[in-house]
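FYI, it's all coordinate maths here, none of it is from the lab. Bear in mind the structure is a predicted one, so any value in this text is a computation, not a measurement. Heads up, the Cβs are rebuilt from the backbone with ideal geometry, glycines too, and the neighbour counts pull from every protein chain shown.
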Amino acid sequence: MPVVVLPCLDEAAALPWVLSRLPDGYRAVVADNGSTDGSAEVARAHGALVVPASPRGFGAACHAGLLAADPEDGIVCFADADGSLDLQQLPRVVEPVLAGAADLVLGRRRPTTRGAWPVHARVANVVLARSVRRRTGYPVHDLGPMRACRSSALLALDLRDRRFGYPLEMVTRASGAGWRVREVDVDYLRRTGRSKVTGTVRGTVRAVRDMQRVLAELSEAQGR
């Protein structure tokens, strides 16, 4: 049974729709990163397993959810809990992993409405993806949050970042381990409420800094 990890910080308004879109045969793990709006209670009421995640940070929430997933389930997926991604599209991300055609599949976001992806966030993503392509050789165009791989293999990568660098570290460590990485298109919707990251220039800058730090550490390790 594939498990989808949903990092969560104050997403009570979005969670009912998000969890209602969970495909049959999938299990949701909501990693609550200190919500104060009742997100945990909403998630439980809609059938999700809720695990606390600390310290505060996107990577900390992702990793707490990964640790809560049973490795025997085989496949672990990640997606945002803010309503910007339709979980009904998870099977198209999971299928290449199940078929043995890829080790890590990234959902390349395709905005469905104007304003779903702010310009400053899209530009930052393009720049970071270009850096990842240059350093890893992967044809990556988006470091988006919807992705899938085998949970036991991901645990073996021993990801260390607990902030916004976690998604990028996943790709760079996958490269070092010789993983096959591919992209598939997924819809990108206007999120519910205001984004704490891409919805503001300040949040985007913070995320970019975290990811640049991961790239710098990679360069330093390769130079040794």
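Quick notes on this one:
- For Tyr188, residues with placed amide H under 5 Å, excluding near neighbours: Arg110, Thr112
- Signed unit charges on C-beta, dipole axis of the chain, positive-most listed residue Ala43, Val97, Ala116: Ala116
- Shape category assigned to the chain from the gyration tensor of Cα positions, a/c cut at 1.5: rounded
- Beta bridge orientation in the chain: antiparallel %, DSSP, nearest 5: 25 percent
- Ranking of Thr112, Thr136, Thr36 by neighbouring Cβ atoms within 10 Å, starting from the fewest: Thr36, Thr112, Thr136.
- Length-normalised contact order of segment 3-223 in % [C-alpha pairs under 8 Å, at least 6 apart]: 23 percent
- Every helix of 4 or more DSSP H residues in the chain counts as -39500 (n - 2.57), and over all residues that averages to -12500 deg cm²/dmol at 222 nm.
- Distance (nanometres) between label positions extended 7 Å along Cα→Cβ at Val123 and His141: 2.0 nm
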